[in-house]
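Notes follow the structure.
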Amino acid sequence: MLLDNLSRCPASGASIPPRMRMAARLHPSRFGNIPDFTARPPCILAAECADLPVNNLPHHRAEGISPLSTAQSPVQSLAGRRVLLIVAGGIAAFKTPDLVRRLRERGASVRVVLTDGGAQFVTPLTLQAVSEDTVYRDLWSLTDESAMGHIQLSRSADVVLVAPATANILARMAHGLADDLATTVLLATDKPVLVAPAMNVRMYEHPATQANLALLAARGVGIIGPDDGAMACGEYGPGRMVEPLSIAEYLAGWFAAQAAPKPLAGRHALVTSGPTHEPIDPVRYIANRSSGKQGHAIAAALAALGARVTLVSGPVRLPDPPGVNVVAVETAAQMLAACRAALPADIFVAAAAVADWRVDGAAGQKLKKREGGGPPALTLTENPDILANLSAAGPDRPELVVGFAAETNDVVAYARAKRLRKGCDWIVANDVSPATGTFGGDRNSVHVIRADGTEEAWENLAKTEVASRLATAISDHFVNGKK
Ligand code: CTP
């Protein structure tokens, strides 16, 4: 059934607002096909879009729970893992019964703390039914306190997961407030904390929220998402909570990574990421479309294998990867200085899209338009080549230097020549022609060319998967001496 064709939910009679139908037209894969109402009832979609409290709708008990999938066998298990799930007050809270179910079908036990805001979107009874455990709500409840005090509750799990993590709870976490049971538990816990942000795109992009996320990431809080997509409020962009199935998969992968051997322990990895901004004057700059997703994912993957990672990043809109030391820079000259300051390192991965040129003698004051004077002539001068520089760093040269080659044509041939010209050991060649969507996108297809000239193609993978394969290849080099 196409939601696009409906003006009312056939199940509840709730009207589906025009912007919801517009979103369905624009993003049919997300909204268009609603095979049955149990999977994702249109009245809930309508409520999402209209900002209506879902539990005011006639059949809200469905609350987005999909039928048990027997066909799909979980890839990674959560057997024996204890998850304390904190449900905060965002519309995405209606997905948490499904999240509980997804975690439990992988073998986890789930105990829920529900905030007052969260209870506006999902009932305690539903969460109690799906978790088969008490749902904790009140800091001052004698029953809960006598049965389990908040300190004990905060330590009764292997991990604390906040989903949805609203801008408000992230701010309270970042600043150490403890004014309800959820934030008290978060302040008292000695367990790792993961958050799945969910909020309006502007709230997510607000510098206050970004600063709070950066602060939490620097303290080791894991950040899952958010996804890009149509918002309940009709806007589009980053801020949607990652889907329950993906959160469960992430958590399973996260536990596996915690338990995994750390073959790069004791190694220092230096990674560059993102674009550089080269000033024209104090308000204008030359830049490129690099998002930093690939470089940041490589930093995270190397850290997951136990390396101490320094990530020198140009301006990006990404949270700092957990457990990574991030040095923020703007220009190529600053990036080179920060890289040299971070030496010695065992590994150098140059994933940044460094601007090749900067403006010679950037203006100290804003350039003004002059009547009849025409546009200013900008003289460009070449930037230092950071990869070539560190490849030739003499005794300070990292043992393994990996460059990237961004090409739009003759990808492998150009990359082979670039490897020799820059003096790096390996080069990762990627096609960045506009049709591939690599720049700014989430996927990448690469060719890895090694020091011995051998070449491997890794086609159409998530950038996180490219990162984890590269990190594994790097650890193979150090552990098994693989060239
Ligand atoms: N790189 C660098 N410093 C620069 C330019 C590039 O460290 N000033 C690094 C990139 O991080 C990447 C590699 O060099 O690892 C290749 O970058 P790429 O943009 O593909 O090549 P360029 O050197 O810019 O050459 P061209 O633009 O001619 O392809």
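All of the numbers you see were taken from the coordinates with simple rules; none came from a lab. Bear in mind that the values here come from a model prediction, so they are computed numbers and not experimental data. Virtual Cβ from ideal backbone geometry, glycine too; neighbours counted across all protein chains shown.
Tabulated data
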| item | result |
| --- | --- |
| Cα-projected label distance for Leu380 with Ala413, points at 7 Å along beta-carbon direction, nm | 2.4 nm |
| Normalised contact order of the range 82-258, rounded percent, pairs of Cα under 8 Å and 6 or more residues apart | 22 percent |
| Cα-centred dipole magnitude for the range 326-483, charges only on beta-carbon of K, R (+1) and D, E (-1), debye, nearest 20 | 460 debye |
| Neighbourhood charge, 12 Å Cβ-Cβ cut-off, centred on Ala473 and excluding it, Lys, Arg +1 and Asp, Glu -1 | +1 |
| Radius, Kirkwood style, for the range 82-258 when every pair of distinct Cα atoms is counted (Å) | 16.0 Å |
